1. Looking at I191, I129, I140, I159, which is the one that is surrounded by fewer than 23 Cβ atoms within 10 Å (Cβ to Cβ) and within 22 Å of F69 (Cβ to Cβ)?
2. So, in the stretch 248-263, of the ones that are surrounded by 12 or more Cβ atoms within 10 Å (Cβ to Cβ) and among the hydrophobic types (A, V, I, L, M, F, W, C), which residue ends up farthest from I327 (Cα to Cα)?
3. Can you report the number of residues in the stretch 300-324 which are in contact with a Ser or Thr (Cβ under 8 Å, 6 or more places away or on another chain), among the aromatic types (F, W, Y) and within 24 Å of S246 (Cβ to Cβ)?
4. Determine whether the stretch 58-69 contains at least one residue that is closer than 19 Å to L154 by Cα, crowded, with 19+ Cβ neighbours inside 10 Å and among the aromatic types (F, W, Y).
5. So L82 clears everything in (1) within 19 Å of the chain's Cα centre (by Cα); (2) touching a residue at least 40 places away in the same chain (Cβ under 8 Å) except one condition, right? Which one?
6. Would you be able to say whether some residue in the stretch 163-181 is free of Cβ contacts under 8 Å to residues at least 60 places away in the same chain and acidic (D, E)?
7. So is F74 more than 18 Å from the chain's Cα centre (by Cα) and not aliphatic (A, V, I, L, M) or not?
8. What residue, among those in the stretch 93-126 that are among the charged types (D, E, K, R) and not in a helix (DSSP H, G or I), is surrounded by the most Cβ atoms within 10 Å (Cβ to Cβ)?
Amino acid sequence: MHYLFFFLIPTLIYILNSYIIKNGHFFNFSGELHQKILGTKKTPLSGGIYLVLFISIIFIEKDITTFIFFILIFMLGLFSDLKILSVPSKRLLYQFILILFFVYFLSLNVISTRVIFIDQALENYYISILFSAFSLIILINGTNFIDGLNGLVLTYYLIVTAILYKLDLLAGINFSTNETIYFCYLLFVMIIFNFFNKLYLGDSGAYLLGLLIGYLLIELHKYNPNISPFFIVLLLWYPCFENLFSIIRKFKLGKSPVSPDNKHFHQLLFYFLKRKLKFTNLASNNYSSLIINFYNFSTLVFGSYNIYNTQLLVLIIIINILIYTIIYLKLFKFKYKNINF
């Protein structure tokens, strides 16, 4: 293990972030509505830079095709951050095209879910390609949706990666033990900067991180078919359900499913802590993130001891969805007393 890496990562992030802020380059934005809750201070959307540099080290030599697709999804998110590609429907279309080719060229089609009628449909090659592409699009957009609190996305995926490391499930899929440790450390350092409002992931970072984790988990299940696919679903339940729930919620409220808003679970929890408990903006932000991730940590760790038990994993997922929905409705009612959900 190269211990120099552990010194270089925080140093690089500090120097590059300082340079970006000082020179006012194009990464220096205050962000969207969900990123402005701490005030008007500008924070660089630089998280994707560090992720893409790390991915370059891992993939550029041993899997150039995968690396190219990661670069393309990063660029798509970057264009969104720069407001070059500001129309949500166009971003979704480009995502679909890119992810469809990604799944096709890398043979990432899911072939088994242990749900009989879905598996029968997945026997058709083209349906399995579309199913995998759709799943990855749900994941990367869900990752972007929950990127509204300091540390929420980064800590969530640090938990997921740490669980996979503990179970030794990444070693056979182009991710060595040392690379997994380095990746966890990178996420940890980014979390520290993020908690102190020194960097945001931005769309470029959220898209890239979501696609990377999705890619690793699909490859993991292909390499370990005896593991219940619902263990993979459990690991990704929060960002994916946030996306699906948001689509349903927007339809219910008569809004376009691709239009952004500030009614996500984490935003309502932030508002509750701020108004009900009189927390400051920074405290409400960080405590909301910690509460959500503490709950997810508990359920994901419990599920990690039962990775072959499909029935139990399904039960955990259902309980998570019910708890999410019940608490969401209560938080929604607290903030919007005169709006019927």
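Taken together, the values in this text are just the output of simple stated rules run on the coordinates, not laboratory data. What you see is a predicted model; the values in this text were computed from it and never measured. Positions of Cβ are generated from backbone atoms using ideal geometry, with glycine treated the same way; all protein chains shown enter the neighbour counts.
1. I129
2. V258
3. 0
4. no
5. Going through (1) within 19 Å of the chain's Cα centre (by Cα); (2) touching a residue at least 40 places away in the same chain (Cβ under 8 Å) one by one, L82 breaks only (1).
6. Yes, the stretch 163-181 has at least one match.
7. When the stated conditions are applied, F74 does not pass them.
8. Out of the qualifying residues, it is R114.
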